[in-house]
1. Accessible area of GLU27, 1.4 Å probe, to the nearest 10 Å²?
2. Let's see if you can work this out: charge +1 on each Lys and Arg Cβ, -1 on each Asp and Glu Cβ, no other charges. What is the dipole magnitude of the chain about its Cα centre, in debye to the nearest 20?
3. Can you tell me, using C-alpha contacts under 8 Å and at least 6 residues apart, the relative contact order of the chain as a whole percent?
4. Give me the number: length gained by fully extending GLU15 to ALA139, i.e. 0.36 nm times residue separation minus the C-alpha to C-alpha distance, one decimal in nm.
5. When the helix-only estimate is applied to the chain (DSSP H runs of n ≥ 4, each -39,500 (n - 2.57), divided by the residue count), what is the mean residue ellipticity at 222 nm, nearest 500 deg cm²/dmol?
6. Please identify the helices of the chain, taking whole runs of DSSP H, that span at least 15 Å along their own axis as judged from the Cα atoms and have a mean Kyte-Doolittle score of -1.0 or higher.
7. Given R₀ = 41 Å, FRET efficiency for GLN157-ALA38 by Cβ-Cβ distance, to 0.05?
8. Taking only the alpha-carbon atoms of the chain, what semi-axes of the equivalent ellipsoid follow from 5 times the gyration tensor eigenvalues under a square root, in whole Å, largest first?
Amino acid sequence: MLPRTLEPEVMDSPEEARDYDEMDHGEVNRRFVDDLLAAGEITGDVLDLGTGTAQIPIELCRQSDACRVMAADAAIAMLDLARLNIEIAGLTMRIQLDKVDAKALSYDDDSFQVVMSNSILHHIPQPLDVLREAVRVLAPGGLLFFRDLLRPKTEDQLETLVETYAGDENEHARAMFSDSLRAALSLEEVRGLTQQVGLPAESVEQTSDRHWTMCARK
């Protein structure tokens, strides 16, 4: 297994936000929302941690009219683009933006019926802090749905993934994807963290050649 190599916790330069937003996340985002909806009815208040440019909240609101989303991120540059994306999508009444530190949320206990996240944990040096906060603000019986990158075992596997999924992107975008893979957790590491917050290890599964998914009820 490749050693975990951390990348910056917050992607907050305009260049990083722009390149991230312009990358083709469409299929990945639709699959995330499809799998989220398959896990149970999504109603009430939803928290999206590490929302980036709010592409997943927008996709969720397009597919389901029974929820509202608090789209939270620590990066101002990401939130600036998220605001524009939400306005273009006509969803300003259903998606609210918030600048937060996912390791120390200001929300009350049991505030959300769903806490979801796509690709936040690999940015966090101590991801257990984020999981603890996510469970704290999740209402009893609520759904925790996290998905993130899976760290490759070898350099060859990493290079293959970069070429397969970012080969058509610009050099900076390819480098960001490579860095994210190196910063990602292994399946065993995620399952260990899951048990530490009182959720079953089997709630975490590998769900693609580059992703794991955590799906559990509080």
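1. Approximately 110 Å² of GLU27 is accessible to the 1.4 Å probe.
2. Numbers: 21 positive and 41 negative charges, 153 e Å.
Magnitude of the dipole: close to 740 debye.
3. Details: 398 pairs, mean separation 48.4, N = 218.
Contact order relative to length: 22 percent.
4. Numbers: separation 124, 0.36 × 124 = 44.64 nm, distance 3.66 nm.
Here the answer is 41.0 nm.
5. Working: 8 runs with 90 residues, N = 218.
Dividing the helical sum by the residues of the chain leaves -12500 deg cm²/dmol.
6. Values: long enough: 26-38 (18 Å, -0.22); 76-89 (20 Å, 1.23); 155-166 (16 Å, -0.55); 171-183 (18 Å, -0.53).
Correct list, ordered by number: 26-38, 76-89, 155-166, 171-183.
7. Values: r = 28 Å, r/R0 = 0.69.
Using R0 = 41 Å, I get an efficiency of 0.90.
8. On the way: eigenvalues 120, 93, 49 Å².
Computed over the chain, the values are 25, 22, 16 Å.
The values are calculated or read from the model by the stated rules, or taken from the named source; none is laboratory data. Remember, predicted model here, so these are calculated numbers, not experimental data. All Cβ positions, even for glycine, are placed from backbone atoms using ideal geometry, and neighbour counts span all protein chains on display. Heads up: the accessible areas ignore ligands, DNA and RNA and are worked out on the full protein's heavy atoms, side chains in. Shrake-Rupley method; radii C 1.70, N 1.55, O 1.52, S 1.80 Å.
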